[in-house]
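Beneath this line is the structure, given in C-alpha cells, with notes to follow.
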Amino acid sequence: MASPLKTLAGHSAQYFSGRAAGIALGMISFPVFTRVFSVAEYGTMSLVLQIAGLGAVASKLGIQNSVQRFYEEYLRDSGEAGSRRFHSTFLTGIIAIAAAVTLLFVVGLAAMPVSLVSDGLKKLLLLTSSLIFLRGVQSILLGFYRAARRTTAFNFIEVSGKGATIGLTIFLVLFWNRSVEACLIGTVAVEALAALICIGVLIRDGKLSIREFDSVLFRASLAFGVPLAATEFANVLLHSGDRIIIAYFAGAEGVGYYSAAYTIASYMTESLMYPASFALMPIYMHIWVTQGKEKTQAFLSEAMNGFAILAFLILAGTAAVSHDAITFLGSAKLAAAAPLLPPLMLGLMLFTFHIFLNAGLLLCKKTFELARTVGISAVVNLSLNVILLPLLGLKGAALAILISYIVMIVLLSRASAKVLPLRVDVRRWIHCFVAAAAGVAAAQPFRFESSFLSLLVRGSVCVLTYVVVLFALNRALRLSVFRWANESIAAYRSRSANPDCSAEAPQDEPAAQAQ
C-alpha cells in the first residue's frame, strides 16, 4: 500500500494537471479581455463577478465541506442504499438553499436606489445572480467527486467547463457584442449546462431520489458547514472585499489595475495551492479515522515542509519577472499594475499555508475558531484599505492585503498549535529562502526589449539557480531525489525483465479501494 505522502503526491499531480490546464486556458482569456476591454470595463467585470462570488458563498452555506467531512464515515458500511441517501440529501438540500439565497439577492438588488447602484451595474448584477444558484449547486456536485477521490473525472469537469466558458465568452465578445454583458451571458450558459449534465449522470447511476432525503444527516451537515460558511464568506471578503473600497476611492479603472495584478498572482498561487488542497483533505481525514492523531500530525508536518520548497520557488520566479509578466500577459496599458504584483504574490503565497494550519481545527470541529480568525483578517484588510488607499493609492491596497494575510497566518498558527501542532523544518525553510534570493539576484542582469524574451530568460535563470542552490544546500533533498531515481530505475528494469507482469494501474474509483 502506498504511503500517505506518495498518495498525496500522486493525487496532487493529477489535480495539478487539471489546474495547470485551467490556468493555461485563463492565460488565453486574460490577454484577450485586457486588450478588448478598457481598464475600466475590465474592472467592472471583475467587480461584478466578485459580488456574485460573495453571494455564492451564502448559497453553499459551507455544506460542500460537509461532503468531505462525512463521506468516509457515512459510506464506509452503508452500501448502495447509503450512497443514494448521501447524494440525494446533499444535492436536494443545496438546491433549496441556493434558490432561496438567489431570490433574496434579486429582491434586495431590485430595491436598491440608483444612488447606490447604477442602472448599468444593476443590470449586470441581475444577470450574474444566476451564478449564485449555479455555483452553490456545483460546489456539491464537484464535492462528490473530490470525496470519492475521482480526480480524473473531477479534472475533466473542471477543465472542460472552463474551456467551454472561455471559448464561448471569447466568441461572443469578438463576434457578437464587445461588452461585459456578453462575457457574463457566456459564463452563465456554460455553467448551467455543466450542472445539468452532472445531475443527469447522478440520475443515470441511480444516486438521486427526493424520497431518500435524510434530515438527520442534513442537520449534521449544516451544524458542521455553517461555521465554515462564515469562514468562507470572510475568506471571500478578505480576497475580494477590497474591490468595493477600491471602486469608491479609485473608480473602475483602479479596480482594473488591481484586478489584473491580483489575477496573475492568483494564477501562480492556485497552481500550487489547489492541487495540494484538493488532494490533502480526503487523505488526512482518512489517516485521522484509521490511524489517529500522531500519524496525521506527522503527515501534515512533512507535507507542509515539502510544500514550502515549491512556494519559495514560485515567489522567487514572480519577483524576478513581475513587470514582464504584467506587460506580456495584460498588455502595456496595464504596466502601472506591475509594482502591485510582488506584495500581492507574497501575501497570497502566505495564505496558501492555511490548508495545513486549518486541518487540526477541521478535524477537531473547531470551525467557529476558524471563522473568527479569517473574520478578523478580513476586517483588518478592509480597515487598512480605508486608511491606506487615500494615502498610497493602489499600493496601499496591496500592502493592506499583505498585512491581513500575515495576521491570518499568525492567528491560525496559534490556534492550530493548541489542537494539532505542526513541526516546521526551520533549516529547510532557510535553505529555500537563500535559494530564492540567489535566483532573483541571478535573474537581474538579463533585460531585453521584448517582454516575452525577458520573461522567458529571467524566469528560466531564476528557476534553474533556485534548484541548483537548494540541491547543493539541502542534503535530505539530495538523498530523496537519489532514492526516488534509484526506485524508478529499479521499477523500470523490473518491468523490462518481466513484460508480462505489469503493475496494477492506479484507480481513482471508490470501488478500487475495496479491492
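The values are calculated or read from the model by the stated rules, or taken from the named source; none is laboratory data. All values reported here derive from a predicted model rather than from experimental measurement. No Cβ is skipped: glycine too gets one built from the backbone with ideal geometry, and neighbour counts run over all protein chains shown. Note: accessible area is taken over every heavy atom of the protein model, side chains too, but ligands, DNA and RNA are not part of it. Shrake-Rupley method; radii C 1.70, N 1.55, O 1.52, S 1.80 Å.
Looking only at the stretch 166-192, count every residue that is outside any helix (DSSP H, G or I) and open to solvent by 30 Å² or more (accessible area, probe 1.4 Å) and tell me the total.
Residues of the stretch 166-192 that are outside any helix (DSSP H, G or I), as a first pass: 176-179.
Okay, now just the ones that are also open to solvent by 30 Å² or more (accessible area, probe 1.4 Å), so 176-178.
Within the stretch 166-192, residues that are outside any helix (DSSP H, G or I) and open to solvent by 30 Å² or more (accessible area, probe 1.4 Å) number 3.
Give the stretch 380-426 a look and list any residue that's in a helix (DSSP H, G or I), farther than 18 Å from Ser266 by Cα and open to solvent by 60 Å² or more (accessible area, probe 1.4 Å), or say none. Let's see the steps before the verdict.
Of the stretch 380-426, the ones in a helix (DSSP H, G or I) are 380-392, 394-419, 426.
Now narrow it down to the ones that are farther than 18 Å from Ser266 by Cα: 380, 382-392, 396, 407, 410-419, 426.
Listed by number, the residues that qualify are Val386, Ile387, Pro390, Leu391, Leu392, Val410, Arg414, Lys418, Val426.
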- Is at least one residue of the stretch 42-62 surrounded by fewer than 23 Cβ atoms within 10 Å (Cβ to Cβ), in a helix (DSSP H, G or I) and either more than 26 Å from the chain's Cα centre (by Cα) or modelled with pLDDT under 80 (or both)? no
- Filter the stretch 220-275 for residues that are under 14 Å from the mean Cα position of the chain (by Cα) and charged (D, E, K, R) and give the result. Glu232, Glu270
- Message: Can you pull out every residue in the stretch 439-464 that is of a type in the set (S, T, N, Q) and more than 11 Å from Val321 (Cα to Cα)?
- Response: Ser450
- Just give me the residues in the stretch 89-146 being polar (S, T, N, Q), open to solvent by less than 10 Å² (accessible area, probe 1.4 Å) and either assigned to a loop (DSSP other than H, G, I, E, B) or closer than 17 Å to Thr165 by Cβ (or both), in sequence order. Thr128
- Query: What number goes with the only condition from (1) modelled with pLDDT under 90; (2) crowded, with 20+ Cβ neighbours inside 10 Å; (3) within 26 Å of Leu222 (Cβ to Cβ); (4) not aliphatic (A, V, I, L, M) that Asn155 does not pass?
  - Reply: (3)
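State which residue is farthest from Trp288 (Cα to Cα) when the search covers only the stretch 26-38 and only residues that are in contact with a Leu (Cβ under 9 Å, 6 or more places away or on another chain) and open to solvent by 20 Å² or more (accessible area, probe 1.4 Å).
Residue satisfying both the conditions and the ranking: Val36.
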- Message: For the condition open to solvent by 40 Å² or more (accessible area, probe 1.4 Å) and over 22 Å from Met408 (Cα atoms), what is the one hit in Phe233, Phe249, Phe299?
- Response: Phe249
- Query: Can you find even one residue in the stretch 343-359 that is among the aliphatic types (A, V, I, L, M), open to solvent by 20 Å² or more (accessible area, probe 1.4 Å) and modelled with pLDDT under 85?
  - Reply: no
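Considering only the stretch 195-230, state which residues are small (Gly, Ala, Ser) and either open to solvent by less than 30 Å² (accessible area, probe 1.4 Å) or assigned to a loop (DSSP other than H, G, I, E, B) (or both).
Step one: filter the stretch 195-230 for residues small (Gly, Ala, Ser), giving 195, 200, 206, 209, 215, 220-221, 223, 225, 229-230.
Those that are small (Gly, Ala, Ser) and either open to solvent by less than 30 Å² (accessible area, probe 1.4 Å) or assigned to a loop (DSSP other than H, G, I, E, B) (or both): Ala195, Gly206, Ser209, Ser221, Gly225, Ala229.
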